[in-house]
Amino acid sequence: MARNQLDFLYGLVTVRVKGVLIEAFLQACTREGAYITNVKQVSDKEVHMTIRLKDWVIYRRLRKKYRCKIHIIARHGIPFLIHRLLAKKAVLAAFLCGIGALFLLANTLWSVQIKGLPPELEATVESQLESYGVTEGKLTIGMKDPNEVQRLLLEDVPDLLWIGVKKKGTSYQLYGVMKTRQDPDETTRPADLVASKKGIIKKMFITKGRPLVSVNQFVKKGTVLATGKLKEGTSEAAKDESEEDSGKYIEAEGEVIAETWYRAEIQVPEDQQLQLTDGEKSSAYSVGIGSINIPIWGWWNTDEENVRVETSQKKWDLFGWELPIRLEVKDMYAQEDVQPENDRVKQGIVAAKRDLKQKLDEEAKVIGEKVLHEREENGKVKLILLFKVHENIAVTKYVTQGD
Amino acid sequence: MVKWQQQIRTWVGRYFDLPSDVMLDLPRITTIGSIHAYIENHTGLLLFSDREVRLKYRDGHLSIKGKSLRIKMMLKEELLLEGTLDSIEFYPDPKKGGK
């Protein structure tokens, strides 16, 4: 079997030999080293046999001498296959193109994934990668080594504590750790904490500095809540504090939660219309060229009543050129009119609270509201509301030291 | 001279218990039932048809008869026959005093 396969590799030829001295011819050929298989007599003075392609020269040399005629009937084996393939140029070209495309696609970078970094830093890393030529869609041949990329990134992006660059098939996976920046200037500027608005202090936590107010004290805007000056007053300098701290002015830090008040005016219409859709939609598609619209699907849905219609257009680009054809999709949502039977005042409060929360800090809490005034005019309810809010009112105020 | 050489050969073969085909240049024919015949050490193909194959060996020629004979493989001194074998006959050359 192994021999047969090897023969297939080198090529086999089935021939018809015609002549008087066939036996002598065969004998002579085998003496020269030829390998003959499947000799079959077809008629008197004519046999079929299979020979190896590489012995072909022997037969050619000897056939004259023995006056035999050789006709090739069939060719088998790799050499002939290759020959036939070469003859079909288009197939061969397609095959080579295919292999080339496969090679190119396999050597293209398909995705760059960055993990573990905040979005700003991720963008920085991405732009850096771009400057090294590591972007999606680029060939990985000739691209910088992952280790090299890692080294360069660590050098060029100072905010990176560490970044791991791994190439996995056709994708780059980066895992970064950001440097937690310690405040660079240790020598802080002298600063006080002052109130940003009026309120009653509910909770205080001064991490640095000396508090000047106490809980439940009413403060006005601009009142100093805590001072960075560790010693009380310049006039009483070095009275009860140790000498080392005298005159030292640090940056006060801390949180002062105070109850503050907000007034809000809001108008709520008497009659409200609420339209609800249940998410079920029917779509109509049409193709448009210029000003002409040709419906293609779902046009039978368009004449329904009480629907909300959303129209979206899709256009295509081809090599930067906008195609004149566009796809128009009309989504029709069945809708229902609902008359909300809610308390106007409650609605007003909810709306006002929502507005207020957008203005306030994230940590601020609205703890209560009060309707100060309620009046109906021109089909509207006019409300004046007061909100109680607990929020941090401490802001840093830098002090320029005169001396 | 030739005869004397041959006698020596026979004697050596017998003495050392060597296979006779090696010593005496005679063909070795192996058959598998009547479907295959494997002939080694022949010296030439004399006739080939689907009813008879005639081969030369040192001291004469032999004839294999059968039906639908084909040569499955042929090398310089080897031949593998396929088909339905009927008989193998030897025709020693009287001039050489064949065995």
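The values are calculated or read from the model by the stated rules, or taken from the named source; none is laboratory data. Because the structure is predicted, anything quoted here is derived from the model rather than measured. Every residue, glycine as well, gets a Cβ built from its backbone with ideal geometry; the counts of neighbours run over all protein chains shown. For accessibility, only protein heavy atoms count, side chains too; no ligands or nucleic acids. Shrake-Rupley method; radii C 1.70, N 1.55, O 1.52, S 1.80 Å.
Being over 28 Å from B:K67 (Cβ atoms), out of contact with any Leu (no Cβ under 8 Å at 6 or more places or on another chain) and open to solvent by 10 Å² or more (accessible area, probe 1.4 Å) holds for only one residue in A:R61, A:R75, A:R16, and it is A:R61. Applying the condition of being part of a loop (DSSP other than H, G, I, E, B) and surrounded by 14 or more Cβ atoms within 10 Å (Cβ to Cβ) to the range A:187-199 and asking which residue is modelled with the lowest pLDDT yields A:T188. Across the range A:1-40, the qualifying residues are those that are on the phi > 0 side of the Ramachandran plot and in a strand (DSSP E or B), and the one among them that is nearest to the other protein chains (Cβ to nearest Cβ) is A:N38.
From the list A:S43, A:S111, exactly one residue is surrounded by fewer than 13 Cβ atoms within 10 Å (Cβ to Cβ), within 14 Å of chain B (Cβ to nearest Cβ) and of a type outside the set (V, I, T). Which is it?
Values: A:S111 fails: within 14 Å of chain B (Cβ to nearest Cβ).
Within the list A:S43, A:S111, the selection yields A:S43.
Restricting to the range A:41-65, give me the number of residues that are assigned to a helix (DSSP H, G or I) and out of contact with any helix residue (DSSP H, G or I) (no Cβ under 8 Å at 6 or more places or on another chain). Total satisfying the criteria: 4.
B:L79 - would you say it is within 14 Å of chain A (Cβ to nearest Cβ), open to solvent by 40 Å² or more (accessible area, probe 1.4 Å) and either part of a strand (DSSP E or B) or modelled with pLDDT of 85 or more (or both)? Walk me through it before giving the result.
Values: within 14 Å of chain A (Cβ to nearest Cβ): yes; open to solvent by 40 Å² or more (accessible area, probe 1.4 Å): no; either part of a strand (DSSP E or B) or modelled with pLDDT of 85 or more (or both): yes.
No, not satisfied.
Results for (1) within 14 Å of another protein chain (Cβ to nearest Cβ); (2) open to solvent by 80 Å² or more (accessible area, probe 1.4 Å), shown as yes or no for each residue.
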{"site": "B:K3", "(1), (2)": "no, yes"}
{"site": "B:Q6", "(1), (2)": "no, no"}
{"site": "B:W11", "(1), (2)": "no, yes"}
{"site": "B:R14", "(1), (2)": "no, yes"}
{"site": "B:R28", "(1), (2)": "no, yes"}
{"site": "B:S34", "(1), (2)": "no, no"}
{"site": "B:I39", "(1), (2)": "yes, no"}
{"site": "B:H42", "(1), (2)": "yes, no"}
{"site": "B:D50", "(1), (2)": "yes, no"}
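Residues are listed down the side, and each one gets a yes or a no for (1) part of a strand (DSSP E or B); (2) modelled with pLDDT of 85 or more:
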position: A:V149; (1), (2): no, yes
position: A:L152; (1), (2): no, yes
position: A:Y172; (1), (2): yes, yes
position: A:G176; (1), (2): yes, yes
position: A:D185; (1), (2): no, no
position: A:I201; (1), (2): yes, yes
position: A:T207; (1), (2): yes, yes
position: A:S214; (1), (2): no, yes
position: A:K221; (1), (2): no, yes
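Counting the residues of the range A:252-264 that are open to solvent by 80 Å² or more (accessible area, probe 1.4 Å) and out of contact with any Lys or Arg (no Cβ under 7 Å at 6 or more places or on another chain) gives 1. Looking at B:L69, B:L62, just one residue is in a strand (DSSP E or B), at pLDDT 90 or above, buried (at least 19 other Cβ atoms within 10 Å of the Cβ) and more than 9 Å from every other protein chain (Cβ to nearest Cβ), and that residue is B:L62.
Somewhere in the range A:332-351, is a residue in a strand (DSSP E or B) and among the basic types (K, R)? Break it down into steps so the answer makes sense when it comes.
As a first pass, look at the range A:332-351 and keep what is in a strand (DSSP E or B): A:332-338.
Cutting the leftovers down to among the basic types (K, R) gives us none.
Looking through the range A:332-351, none of the residues is in a strand (DSSP E or B) and among the basic types (K, R).
Taking the conditions exactly as written (on the phi > 0 side of the Ramachandran plot and open to solvent by less than 30 Å² (accessible area, probe 1.4 Å)), does A:G298 satisfy them or not? The answer is yes for A:G298. Give the range A:106-125 a look and list any residue that's among the charged types (D, E, K, R) and more than 13 Å from A:V165 (Cβ to Cβ), or say none. Listed by number, the residues that qualify are A:E120, A:E122.
Here A:G348 meets the list (1) modelled with pLDDT under 85; (2) farther than 27 Å from A:E259 by Cβ almost entirely, failing just condition (2).
From the list A:E241, A:E304, A:E236, pick out the single residue that is at pLDDT below 80, outside any strand (DSSP E or B) and surrounded by 14 or more Cβ atoms within 10 Å (Cβ to Cβ). So that I can check it myself, show each step before the final result.
Numbers: A:E304 fails: surrounded by 14 or more Cβ atoms within 10 Å (Cβ to Cβ); A:E236 fails: surrounded by 14 or more Cβ atoms within 10 Å (Cβ to Cβ).
Exactly one residue qualifies, and that residue is A:E241.
Run down A:Q358, A:Q335, A:Q313 and say which single residue is open to solvent by less than 80 Å² (accessible area, probe 1.4 Å) and under 41 Å from the mean Cα position of the chain (by Cα). Even if it seems obvious, please write down each step before you answer.
Details: A:Q358 fails: open to solvent by less than 80 Å² (accessible area, probe 1.4 Å); A:Q313 fails: open to solvent by less than 80 Å² (accessible area, probe 1.4 Å).
Residue meeting the stated conditions: A:Q335.
So which of A:L96, A:L104, A:L92 is open to solvent by 90 Å² or more (accessible area, probe 1.4 Å), over 20 Å from the mean Cα position of the chain (by Cα) and not β-branched (V, I, T)? Full working, then the answer.
Working: A:L104 fails: open to solvent by 90 Å² or more (accessible area, probe 1.4 Å); A:L92 fails: open to solvent by 90 Å² or more (accessible area, probe 1.4 Å).
Selected residue: A:L96, the only one of A:L96, A:L104, A:L92 that is open to solvent by 90 Å² or more (accessible area, probe 1.4 Å), over 20 Å from the mean Cα position of the chain (by Cα) and not β-branched (V, I, T).
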